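The values are calculated or read from the model by the stated rules, or taken from the named source; none is laboratory data. For clarity, every value in this text was computed on a predicted model and none was experimentally measured. Glycine also receives a Cβ, built like all others from the backbone with ideal geometry; neighbour counts cover every protein chain displayed. Note: accessible area is taken over every heavy atom of the protein model, side chains too, but ligands, DNA and RNA are not part of it. Shrake-Rupley method; radii C 1.70, N 1.55, O 1.52, S 1.80 Å.
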Amino acid sequence: MNLQEVMEKLEAMGSEQTKKTFMRHGAAEPLFGVKIGDMKKLVKSVKNDQELVQALYHTGNSDAMYLAGLSVNPSQLTKEQLQEWVQKAYWHMIAECTVAGAAAESPFARELAMEWIESDEEMIAACGWSTYANYVTITLDDQLDFEEIRSLLMRVKNTIHEEKNRVRYTMNSFLICVGGSVLPLTEEVIEVAHHIGKVNVDVGNTACKVPLAADYIKKIEERGKLGAKKKTCIC
């Protein structure tokens, strides 16, 4: 399929109800309101054409951007392309899922995560934390830089309540991902989680809640999944 054909299929899949839901969460026009499950039906037709993937992302249409993230081959992404993607990630679903997932599976995961975390722009910083969080869930422990992760844990401990809204959310998610998937650091994460307590995030007119990191990690342990790694963080 070419770009026009994919956009037409996305438009046909959209609904006003889903569109309203996404907009309550922070999306803005242009978008069609396509459910992620429906969108995944197009991935097979798109993923073999990485030029089409880039064209979809650069439409600025939220649905097309998300489809690009589902269809991208992260190993083929350049650092420059990822920098372009993060600059266009105008709301948290694209920044924290689409771009973060692609970046986490790219050869530049740690480098870009650490760079983006330092950004003064909320969506870019949130993307940075989400990129690192995703990265630890798919990377074997012996390939992780524990001292770097520990420095980030201390940053969360000392600054989370002073950070921008979505940065607070992704910092909390970072704790959960490290605590749940990096077994040698789990106890250190739980100490940080208890120290920071409840993290307040304005999620707008939605039913979303911010989980308590320590409680969430406990649930992972109860499922027997503590220390488990994922095959992919793109979803």
A student asked for the Cα radius of gyration and Dmax of region 1-103 in angstrom ought to give 12.5, 36
In the structure shown, of Lys88/Lys229; Lys9/Lys47; Lys20/Lys40; Lys47/Lys231, the pairs separated by more than 22 angstrom at the C-alpha atoms are Lys88/Lys229
With every protein chain in place, the accessible area of His58 for a 1.4 Å probe, in Å² rounded to the nearest 10, comes to 70
Cα-based Rg then Dmax for region 43-84, in Å, read 9.4, 26
Unit-weight point scatterers at every alpha-carbon of region 159-235, Debye formula, q = 0.11, 0.12 1/Å: log10 I(q)/I(0) is -0.29, -0.35
If N is the residue count of the chain, its Cα Rg over 2.2 N^0.38 Å rounds to 1.01
Taking Cα atoms only, helix 3-13 is inclined relative to the longest principal axis of the chain by an angle, in degrees rounded to 10, of 70
Whole-percent carbon and sulfur contribution to the accessible surface of region 47-196 (1.4 Å, no ligands, DNA or RNA) stands at 47
Between the Cα axis of helix 62-71 and the main Cα principal axis of the chain, the angle (0 to 90°, nearest 10) is 70
What the Cα atoms of region 120-167 span along the principal axes, largest first and in whole Å, is 32, 20, 14
Output ordering of 182-192, 14-24 (per-residue mean of other Cβ within 10 Å, highest first) is 182-192, 14-24
Taking max minus min of the Cα coordinates of region 23-67 on each principal axis, largest first, gives extents in Å of 33, 22, 12
Scaled by the rule-of-thumb 2.2 N^0.38 Å, the alpha carbon Rg for region 61-166 gives a ratio of 1.03
hull vol. (C-alpha, convex hull) per residue for region 111-225, Å³ -> 102
Under the 7 Å Cα-to-Cβ spin-label approximation, Arg155 and Leu3 lie apart by a distance in nanometres of 3.5
Expressed per residue, the solvent accessible area of region 70-218 in Å² (1.4 Å probe) is about 44
